[in-house]
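Worksheet: the structure to be examined is printed underneath.
The values are calculated or read from the model by the stated rules, or taken from the named source; none is laboratory data. These numbers were taken from a predicted model, which means no experiment stands behind them. Every residue, glycine among them, receives a Cβ derived from its backbone with ideal geometry; neighbour counts consider all protein chains shown.
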Amino acid sequence: MQVSMTVNGRVRKADVEPRLLLVHFLREHLLLTGAHVGCDTSQCGACTVIVDGRSAKACTMFAVQADGSTITTVEGLAANGQLHPVQEGFWDQHGLQCGYCTPGMIMSAVNLLQDTPHPTDRQIREGISGNFCRCTGYQHIVNAVRQAAGRR
Amino acid sequence: MAAPVLPKLVGERVRRREDPRLIQGRATYVDDIKIAGMQHLAFKRSEVAHGRIRSIDTSAAAAMDGVEAVLTGAQIAELLAPMPIGTPFPSPPHRAVAVDTVRYAGEPVAVVVARDRYVARDAADAIVVTYDVLPAVVDPELAMTGTPTVIHPDFPNNLAVALVPSGTGVSADGTVDDSAIDAAFTQAEVVISQRMVNHRLVPNAMEPRGVVAHYEPGKDAMTIWSSTQNPHILRTMIAAMTGMGQDQVRAIAPEVGGGFGAKINIYAEEYVAAVVTRKLGIPVKWVEDRTEAFVATTHGRDLLAYVDLAATRDGKVLGLKMRIIADIGAYNMLLTAAIPTLTMLMANGTYDIPAIRTTLTEVFTNKTPTDAYRGAGRPEATYFLERAMDMLARELKMDPAEVRRRNFIAPHRFPFATQMGAVYDSGDYEKALARALEAAGWEALRAERDAARTDGRLVGLGLAMYVEVCGIGPSATLPTGGWEHSQVTVERDGRISATTGASPHGQGNETTFAQMLADQFGVPMEHVTIRHGDTDVVKQGIGTFGSRSQAVGGTALHMAGSKVKAKMAKFAAALLEAHEGDIVFENGRIGVRGAPASAKAFADVAAFAYIPVPLPEGLEPGLSDEAFFEPSNNTYPFGCHITMLEIDRDTGEPTLLKLVAVDDAGHLINPLIVEGQIHGGLAQGIGQAMVEEAVYSDDGQLLTGSFMDYALPRATDFPTFELHATVTPTPVNPLGAKGVGEAGTLGSTPSIVNAAVDALSGFGVTHIDMMLRPEKLWRIINRT
């Protein structure tokens, strides 16, 4: 099936199998390998991207469902050579170790801050509770999101 | 003009150099690798836990469009010998792909090679296997009776390791003298006896395993990328199993998304990928699905122990018995049989116990094999001992801190040879305990707990000490050798490149090691590059496990750096017409002590070393050297974890209110990274105590076989951890660094269970087996 979507500001068209997952379309067809696959049951959130302004687990959508959508992946977050404040926060606060969950975690945090620009720590923890991290115990991630929200 | 003064970096909270690629989606993990012509592997796995393969029909799979090959266990067996292990214990043959019998659900029975991962999966699903189902056994104590089944014919009663005694009265030749341990229990005024379970866990690195193998027939050379903790061990094993030379195999650990011990092993899928690419002459990739990972990647823990503690009424421990039974699953993997021996080694804990007797029995069951998982044997020892110490305190109505204090190994007794054969390098346990009590506000917490109880709330306090064995370890203790290797090169332009065999997967070695070299050479950290994870770049190495990167790998780096620096000083001395002993490296310059104006730029000295005209007498050109560091001993970090927990009276749900951790890892290179390591360890220790558990049905099906059923902790499960430290350097290495990666898993788990027992002590409970499932706690609250 033909799909067309805007990914990180570029229109991308392809002929795909109907069953192709969005995450595999991004990774295998567009070579945007920032979104990772960490599970097969939609729990881990490593594949999180922003679809039409909302965070979405790209393993839980087919590429054809994203036809006509506007998508931002972690590769599209930095602009004009400037890291996104959430990326800066993760770097400054050691919000990552192995880095595998990080792109999805960052995209969830971006979505959280869109909805709740000044979250409490509790709201941060709830906002990223759809994303697993096995390395950090989440504390430095909370610090990272708090920094990005301008609450140091 | 004065040169800018470079800040000292060791000991500073430097943000990581790894992060820019990781936070922008620009890192390369195994699944991000593509090679032209690459095919994908998928494994057909057994659905039954124990059975004889009656038939395998691969015809439908082989006929599918895009399928290159389908290979059964028998066909793989023609290419691949049974998989080796790294321990001296006897072991049954373990085929990478089962030939006639399957012994756990998830064991591979066939492999498909196909155009893409979707086709490969479809084809694997189209393979039809029929079994004569045999009885399965999942309870190790039942398995020890040889009923209802014997899993390996040459191992009666399913005993992988029949019984190994250790401790007081057990001599090297195996003779056993019971008099001391018997006397301890005869003299005891109080004896604590408890059966305890340290249950099975699934490691669950967020990146599942994966491998790309590429054999190039024209070169007779193999490159294998794998999500592994130890590429050099992978190279050794792949070479041995394919019959190739180690010079013909290049192993690469690209970005690795966590390991936690489960990526130490060299697995069936890696061997199969290697022999398939060699047979077909095309590159192949295999990436594990998560649900597959739950059964195909080794599990952790799964020990039970009968613990007896003998003491006087004033709280002095006289003797400890620990009869350990390890459920190792269906096969021995690389280190499987050795992991529970670490539980014996560390049974002593932080205490001076006059007599200890441990025994270890390892048992086959129809489950996924166990092997190293963060802490690997030491959290189990800590859990058993610290639960027993807590039970003793409760029995004696003594403050749990006081009963521990009365038994500590005193600071002046280090190095301390334990009853279990360890030699603790350095320690000050009283100090760590005092620091934790003070930081937590122990007395105030007790008042808070008591006030909450007056209000009818179920609040408990828990405390646990731990001592860890890290910096693993001398070569005598590891089948691979226990050293680490590093090469340091000052390049012609004055930049520094260094390699380390300590192949990281989140530990941040590119940062910490660059901090060290920058300080050592007096240059900016931006001028230093640390390379790792590629056996063609890193000449030798062991790998990252046993909290050894800094203590062993960091020391090798320091030693190699020292050699190069000494040589560079000679070149500088020649240029400056000075004595090499007077040469100083600082602020990007090399000069003579007390005469900074004459100093040469670091890069100019480097250039001279590569175009040495005239060549100073006795020197070879160039600035590159290597070091192997063989530690004389392990290191023994320690600490104290205090927790406060509340249990909902109506639902039994536990909530962790507070966690205070004092960890002593010796000198720290980067406290920010150390904090991250401790946080991660705590999260996994808390996870075990409170939410994680691998549960099997009686017929050997993993019931918690996906993230739908196995609770990986989420951000909402944790309070803000409160970290503190004491610093007791190790004399084992010149850095004084002990290692910290696993520590968090040791103290947190028993501390939490101690707190839960404290919270429910009003209901007459003295022990609760993990994990603290609300239903279990609710039943304690509601039993009348």
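Taken together, B:MET38, B:MET1, B:MET64, B:MET83 contain a single residue that is in contact with a helix residue (DSSP H, G or I) (Cβ under 6 Å, 6 or more places away or on another chain) and either of a type in the set (A, V, I, L, M, F, W, C) or modelled with pLDDT under 95 (or both), which is B:MET64. State whether the residues of the range B:12-34 include one that is surrounded by fewer than 20 Cβ atoms within 10 Å (Cβ to Cβ), touching a residue at least 12 places away in the same chain (Cβ under 8 Å) and more than 14 Å from chain A (Cβ to nearest Cβ). No; the residues of the range B:12-34 include none that is surrounded by fewer than 20 Cβ atoms within 10 Å (Cβ to Cβ), touching a residue at least 12 places away in the same chain (Cβ under 8 Å) and more than 14 Å from chain A (Cβ to nearest Cβ).
One residue stands out in the range B:254-271 among those that are under 21 Å from B:GLN688 (Cβ atoms) and among the hydrophobic types (A, V, I, L, M, F, W, C): the one that is surrounded by the most Cβ atoms within 10 Å (Cβ to Cβ), namely B:PHE260.
Take the conditions under 19 Å from B:LEU772 (Cβ atoms) and either modelled with pLDDT of 95 or more or touching a helix residue (DSSP H, G or I) at 6+ places or on another chain (Cβ under 6 Å) (or both) and apply them to B:GLY666. Does it pass?
Details: under 19 Å from B:LEU772 (Cβ atoms): no; either modelled with pLDDT of 95 or more or touching a helix residue (DSSP H, G or I) at 6+ places or on another chain (Cβ under 6 Å) (or both): yes.
Spelling it out, it is not the case that B:GLY666 is under 19 Å from B:LEU772 (Cβ atoms) and either modelled with pLDDT of 95 or more or touching a helix residue (DSSP H, G or I) at 6+ places or on another chain (Cβ under 6 Å) (or both).
Checking each residue in the range B:501-514 for being out of contact with any Cys (no Cβ under 7 Å at 6 or more places or on another chain), surrounded by 23 or more Cβ atoms within 10 Å (Cβ to Cβ) and either within 14 Å of chain A (Cβ to nearest Cβ) or free of Cβ contacts under 8 Å to residues at least 40 places away in the same chain (or both) picks out B:SER503, B:PRO504, B:GLN507, B:GLY508, B:ASN509, B:THR511, B:THR512.
Suppose the filter is crowded, with 21+ Cβ neighbours inside 10 Å, basic (Lys, Arg) and over 22 Å from B:ILE85 (Cβ atoms); does B:LYS279 pass it? No.
Matching residues to (1) within 19 Å of B:GLN39 (Cα to Cα); (2) buried (at least 22 other Cβ atoms within 10 Å of the Cβ):
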{"site": "A:GLN2", "(1), (2)": "no, no"}
{"site": "A:MET5", "(1), (2)": "no, yes"}
{"site": "A:GLY9", "(1), (2)": "no, no"}
{"site": "A:GLU17", "(1), (2)": "yes, no"}
{"site": "A:ASP40", "(1), (2)": "no, no"}
{"site": "A:ALA46", "(1), (2)": "no, yes"}
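Scanning the range B:761-771 for residues that are assigned to a loop (DSSP other than H, G, I, E, B), of a type in the set (A, V, I, L, M), in contact with an Asp or Glu (Cβ under 7 Å, 6 or more places away or on another chain) and under 20 Å from B:ARG374 (Cβ atoms) turns up at least one hit.
In the set B:PHE763, B:PHE721, which member is modelled with pLDDT of 95 or more and either under 22 Å from the mean Cα position of the chain (by Cα) or buried (at least 19 other Cβ atoms within 10 Å of the Cβ) (or both)? Give the derivation first.
Values: B:PHE763 fails: either under 22 Å from the mean Cα position of the chain (by Cα) or buried (at least 19 other Cβ atoms within 10 Å of the Cβ) (or both).
Going through B:PHE763, B:PHE721 in turn, just one is modelled with pLDDT of 95 or more and either under 22 Å from the mean Cα position of the chain (by Cα) or buried (at least 19 other Cβ atoms within 10 Å of the Cβ) (or both): B:PHE721.
Just checking, does the range B:198-211 include any residue being away from chain A (no Cβ under 14 Å), over 30 Å from B:LYS367 (Cα atoms) and not basic (Lys, Arg)?
Quick first cut of the range B:198-211, residues away from chain A (no Cβ under 14 Å) only: B:198-200, B:211.
After this cut, where a residue has to be over 30 Å from B:LYS367 (Cα atoms) as well, the list is none.
For the range B:198-211, residues away from chain A (no Cβ under 14 Å), over 30 Å from B:LYS367 (Cα atoms) and not basic (Lys, Arg): absent.
Could you list, in sequence order, all residues of the range B:151-204 that are over 29 Å from B:SER91 (Cβ atoms), surrounded by fewer than 18 Cβ atoms within 10 Å (Cβ to Cβ) and among the β-branched types (Val, Ile, Thr)? The answer is B:THR186, B:VAL190, B:VAL191.
When you scan the range B:529-558, how many residues do you find that are farther than 27 Å from B:ASP663 by Cα and either of a type in the set (A, V, I, L, M, F, W, C) or assigned by TED's automatic domain parsing to the domain that holds B:ILE673 (or both)? Full working, then the answer.
If we filter the range B:529-558 for residues that are farther than 27 Å from B:ASP663 by Cα, which is where we start, we get B:529-541.
Subsequent filtering for residues that are either of a type in the set (A, V, I, L, M, F, W, C) or assigned by TED's automatic domain parsing to the domain that holds B:ILE673 (or both) retains B:530, B:537-538.
Residues in the range B:529-558 being farther than 27 Å from B:ASP663 by Cα and either of a type in the set (A, V, I, L, M, F, W, C) or assigned by TED's automatic domain parsing to the domain that holds B:ILE673 (or both): 3 in total.
Checking every residue in the range B:356-378 against the condition of being touching a residue at least 60 places away in the same chain (Cβ under 8 Å) and part of a helix (DSSP H, G or I) gives at least one match.
Only one of the numbered conditions (1) farther than 23 Å from B:ALA310 by Cβ; (2) β-branched (Val, Ile, Thr); (3) in contact with a Lys or Arg (Cβ under 6 Å, 6 or more places away or on another chain); (4) away from chain A (no Cβ under 14 Å) is not met by B:THR228, and that is (4). The residues of the range B:440-486 that are free of Cβ contacts under 8 Å to residues at least 24 places away in the same chain and either in contact with a strand residue (DSSP E or B) (Cβ under 6 Å, 6 or more places away or on another chain) or closer than 30 Å to B:LEU335 by Cα (or both) amount to a single one, B:ALA476. Of the numbered conditions (1) at pLDDT 95 or above; (2) surrounded by fewer than 24 Cβ atoms within 10 Å (Cβ to Cβ), B:LEU746 satisfies every one except a single condition; which is it? Only one criterion in (1) at pLDDT 95 or above; (2) surrounded by fewer than 24 Cβ atoms within 10 Å (Cβ to Cβ) is unmet by B:LEU746, namely (2).
Would you please list the contacts, defined by Cβ atoms under 7 Å and residues six or more apart or on different chains, that run from a residue in the range B:156-173 that is not assigned by TED's automatic domain parsing to the domain that holds B:ARG323 to a residue that is β-branched (Val, Ile, Thr) and in a helix (DSSP H, G or I)? What qualifies is B:THR168/B:ILE181; B:GLY169/B:ILE181. Evaluation of B:LYS44 against the conditions (1) in contact with a Lys or Arg (Cβ under 7 Å, 6 or more places away or on another chain); (2) under 30 Å from A:CYS101 (Cβ atoms); (3) buried (at least 20 other Cβ atoms within 10 Å of the Cβ) shows that the sole unmet condition is (1).
Annotation: A:THR136 fulfils all but one of (1) at the interface with chain B (Cβ under 9 Å from one of its Cβ atoms); (2) part of a helix (DSSP H, G or I); (3) under 16 Å from B:ASP19 (Cα atoms); the unmet one is (2).
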